[in-house]
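Structure, as structure tokens:
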Amino acid sequence: MGRITLDKVTKAFGEVEVIPPLDLTIEDGEFVVFVGPSGCGKSTLLRLIAGLEDVTGGQIRIDGKDATAVPPAKRGLAMVFQSYALYPHMSVRKNIAFPLRMAGLDKAEQDRRVKNAADVLNLTDYLDRRPGQLSGGQRQRVAIGRAIVREPAAFLFDEPLSNLDAALRVGMRLEISELHERLKTTMIYVTHDQVEAMTMADKIVVLRAGHIEQVGSPLELYREPRNLFVAGFIGSPRMNLIDGEEARKRDAATIGVRPEHITPSPDTGTWKGRVGVAEHLGSDTFFHVHIDGRSEPVTVRAGGEVAMHHGDTIYLTPDEERIHRFDGKGLRIA
Amino acid sequence: MATQHSRSAARLMMAPAVILLLGWMLVPLLMTLYFSFKQYLPMRGDSFERGLEWVGFENYVRFIGSSSFWPSVQATLLIVGGVLVITVILGILLAILLDQPIWGQGIVRILVIAPFFVMPTVSALVWKNMMMDPVNGMLSYVWRFFGATPVSWLSDASVESIILIVSWQWLPFATLILLTAIQSLDSEQLEAAEMDGAPVLSRFFYIVLPHLGRAITIVILIQTIFLLSIFAEIFVTTGGSFGTRTLTYLIFQRVVDSQNIGLGSAGGVYAIILANIVAIFLMRIVGKNLDR
């Protein structure tokens with residue numbers, strides 16, 4: 001079981017309030033991703049749940065029981081750190097067995113659980129090595145192994161993939177998702193990378209300056225961002241945000257159109273512009289189009305092999321059905 | 001250093017320093033070796049001009065056969081070992097304390113380091129006259145305050161007193177090195193251990209202490225080198241009596257008090273051998289600890 005409830009939780013460092021009163025419920029078995037720009041309080045929130053920081057006010061309940069004052073070790077949570085935080089002087093086997101040894105399990109049971117974890121994570125051949133002799137991805141797996149042997153109520157991941165290179169990151173992303181499918185344990189995952197959030201989460205929590213901007217499934221956030229911040233944060237490349245005349249025509253202060261919801265054409269369309277930078281990715285091409293009278297370019301997704309180049313004239317037609325409208329306060333107009 | 005030319009130029013440029021260093025070390029070593037095979041008693045009229053008598057290994061046999069040789073080796077090891085144990089253990093505890101965020105941290109740290117800047121002679125005199133004096137010393141007041149008879153430290157507990165004085169001098173060094181090591185410990189490791197259910201003491205023994213291993217070996221290595229040759233502290237306080245005659249002090253007495261340069265030189269060679277045995281042991285430990 002791993003149902004975690006935050007009830008009006010606040011956190012202040014001295015005079016600075018980093019988390020204003022915040023309510024959140026994480027259901028058992030959910031994969032929840034906290035996402036937001038750096039400094040938005042997502043790691044602090046995770047550390048509050050872990051018990052590594054004391055809350056200033058409010059209550060944290062784990063499976064209905066008040067855990068606000070419970071020390072980290074007694075909360076039944078396991079954490080994977082950004083730096084992996086492996087113990088450098090212990091072998092992989094001892095690293096993974098450490099929480100079991102601290103819990104006073106007998107040797108046979110320790111060995112059995114370490115062996116299981118090593119099988120799951122493909123670490124069997126590395127059990128007698130030191131962390132210093134492993135690659136980044138392997139160290140990451142050891143850190144995960146150390147977390148799963150405890151059979152915790154929930155896993156906490158603090159930006160676990162940010163130290164890996166791009167290819168490994170994609171691989172580890174899949175492995176963590178698979179692990180979640182297999183274990184069905186609650187996982188809370190902190191990242192600043194919206195791609196990780198979109199691909200892994202059952203539920204995304206978008207944070208800004210300690211506030212929850214929106215909670216929802218990846219597609220809910222994609223289809224119906226509640227405000228300008230979420231609209232700009234979720235989706236890659238970013239949504240085009242256009243204000244002024246075009247927005248007024250549609251009764252909004254700002255309108256947002258995703259690059260994939262604009263149809264480019266060489267001869268006819270709503271907006272006329274000039275192609276700036278063209279990013280050819282093979283499967284897709286992203287054009288940065290300069291529209292007359294607008295300082296920021298509009299990003300447009302086109303097919304992979306569209307014959308348009310820098311300086312060409314281009315016409316854009318947004319999909320009116322999929323234009324997001326926002327009012328003067330940046331909130332979505334339904 | 002890529003080309004033949006630049007390599008020979010580099011050798012040429014380094015030569016003066018290398019020659020100076022070699023001379024600095026080799027000349028005294030060779031002279032010690034030379035004297036140790038000679039009979040050289042200046043008070044009896046021996047001198048270079050008249051030529052020194054070759055006596056073979058007689059000085060070596062006499063030095064080691066003297067009744068004060070083994071006690072002096074014992075005293076040396078006792079003092080070095082005692083100081084090492086005290087400075088390392090207290091150094092770790094102090095380093096952990098100083099690592100805590102406290103008000104006035106900068107000043108406290110400077111105060112902790114201060115004893116290291118006091119000259120050995122001065123600190124030994126201060127300890128002897130202000131702290132350990134059985135009549136006027138601070139410690140005697142403390143003893144009397146509790147109704148006990150003051151201890152005459154330097155005669156009744158002489159070796160312990162020397163260990164205390166030298167430890168006081170070297171504790172700052174150990175603390176400083178260990179403090180920097182503690183500060184380099186990744187705090188996420190401690191947090192991970194906390195999440196893994198390790199209580200404070202387990203965190204210390206499983207995480208902090210292994211992390212300090214390297215720093216501890218460096219402290220032991222450097223201190224041993226210097227502690228084997230402590231002299232001023234003994235000279236100023238007990239003058240080598242009451243079982244505080246170390247190997248270094250014995251050599252000093254042979255050369256200066258007994259005016260027997262040959263015998264003293266033989267002792268010097270023994271000291272070199274002892275220091276090297278210790279060094280080999282230490283290098284093996286350090287090498288094992290540094291190879292990580």
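The values are calculated or read from the model by the stated rules, or taken from the named source; none is laboratory data. All values derive from a computational prediction rather than experimental measurement. Quick reminder, even Gly has a Cβ in these numbers, built from the backbone with ideal geometry, and neighbours come from all protein chains shown.
Please note which strands (runs of 3 or more DSSP E) are completely contained in segment A:287-334 and include at least 3 residues that are surrounded by fewer than 18 Cβ atoms within 10 Å (Cβ to Cβ) and either at negative phi or touching a residue at least 40 places away in the same chain (Cβ under 8 Å) (or both).
Details: elements: A:298-303, A:313-318, A:324-326.
Per the criteria, A:313-318.
Would you check if B:Val122 is exposed (fewer than 15 other Cβ atoms within 10 Å of the Cβ) and under 22 Å from the mean Cα position of the chain (by Cα)?
Answer is yes for this residue.
Within segment B:35-48, identify whether any single residue is within 16 Å of B:Val255 (Cβ to Cβ), aliphatic (A, V, I, L, M), modelled with pLDDT of 80 or more and in a helix (DSSP H, G or I), and answer yes or no.
No, segment B:35-48 contains no residue that is within 16 Å of B:Val255 (Cβ to Cβ), aliphatic (A, V, I, L, M), modelled with pLDDT of 80 or more and in a helix (DSSP H, G or I).
Just one of B:Val200, B:Val166, B:Val219 is surrounded by fewer than 17 Cβ atoms within 10 Å (Cβ to Cβ) and either in contact with a helix residue (DSSP H, G or I) (Cβ under 7 Å, 6 or more places away or on another chain) or closer than 30 Å to A:Glu159 by Cβ (or both); which is it?
B:Val200
Hey, among the residues in segment A:36-77 that are closer than 21 Å to A:Thr185 by Cβ and assigned to a strand (DSSP E or B), which one's nearest to the other protein chains (Cβ to nearest Cβ)?
Filtering first and then ranking leaves A:Leu77.
Only one of A:Arg238, A:Arg248 is among the basic types (Lys, Arg) and assigned to a loop (DSSP other than H, G, I, E, B). Can you tell me which?
Exactly one of A:Arg238, A:Arg248 is among the basic types (Lys, Arg) and assigned to a loop (DSSP other than H, G, I, E, B), namely A:Arg238.
In this structure, is A:Ser217 touching a Ser or Thr at 6+ places or on another chain (Cβ under 9 Å) and surrounded by fewer than 19 Cβ atoms within 10 Å (Cβ to Cβ)?
So A:Ser217 does not fit the description; no.
Between residues in segment B:244-256 that are among the basic types (Lys, Arg) and residues that are outside any helix (DSSP H, G or I), which pairs lie under 6 Å by C-beta distance while being six or more apart or on different chains?
That search, which allows pairs on different chains as well, returns B:Arg254/B:Asn260.
Quick one: would you say A:Leu228 is assigned by TED's automatic domain parsing to the domain that holds A:Ser38, free of Cβ contacts under 8 Å to residues at least 24 places away in the same chain, closer than 30 Å to A:Ile255 by Cα and surrounded by 21 or more Cβ atoms within 10 Å (Cβ to Cβ)?
no
Cβ-Cβ under 8 Å, sequence separation 6+ or interchain: first residue in segment A:83-95 and touching a residue at least 40 places away in the same chain (Cβ under 8 Å), partner of a type in the set (Val, Ile, Thr) and in a loop (DSSP other than H, G, I, E, B). Which pairs?
Taking only residues 6 or more apart or on different chains, not a single pair turns up.
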